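What follows draws every value from the coordinates through simple rules; no lab data is involved. As the structure is a computational prediction, the values presented were derived from the model and not from experiment. All Cβ positions, even for glycine, are placed from backbone atoms using ideal geometry, and neighbour counts span all protein chains on display.
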Amino acid sequence: MIAGLACLGLVACHASAAGSEPPAARSVGSAGAGRLSGKVIVIDPGHNGGNAAHPEVINKPVWVGNGRKACNTAGTATADGYAEHAFTWDVSNRLAKMLRARGAEVTLTRGGDSGVGPCVTERAAIGNRAHADAALSIHGDGAAASKHGFHVILPLPVGRNRGSSHPPPGWERRSVTPTGRGPACPTPATSARTASTGGTTSVG
């Protein structure tokens, strides 16, 4: 499968209060309808609402092809309490609606925002079982309050992933420098997610 991982932090950082709604998704015009017909896209809303209450589950190490990492993490939150798991769930559903309007078959890796997990390995397996043409993992990573921006992570070609991951040379060393405009999320307590996934496309 083509495994692109997108970590998006820009919209969540603009939440002014817990539960604040990001801007509504624009409607799809008739010209865009059907353009993704026949394509299968898996969207992974990062984290889950019950993760923080179950460290015994999400901290369990799982094999990701080139090492072990935690099954999942609790994610971060804005200074006023808007949780990353809620942001990713909201954005993922908005994105799914837009993609379906363009004809794509869309699968989400979790069915709600109050559960635990699934582990990164199961999220990857969902995409592999669906024979997805593309997989996107949505996150809202933290930063200093003076920063503003986003980043995108691509998987490195490791193990069985070599056939579907072809980032250009040196891509993983490039970054988007935050502009310093607008509010941002607080620095998360969890470590940064990696793009190296091994035999499966692991997303957090």
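Data overview
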quantity	calculated
Residues Glu122, Glu84, sorted so that the one with the fewest Cβ neighbours within 10 Å comes first	Glu122, Glu84
Sorted by Cβ density within 10 Å, fewest first, the residues Asp133, Asp80, Asp90, Asp44	Asp80, Asp133, Asp90, Asp44
Ascending count of other beta-carbon atoms within 10 Å, so fewest first, for Phe87, Phe150	Phe150, Phe87
Check: segment 67-162 dipole with +1 on Lys, Arg Cβ and -1 on Asp, Glu Cβ, in debye	400 debye
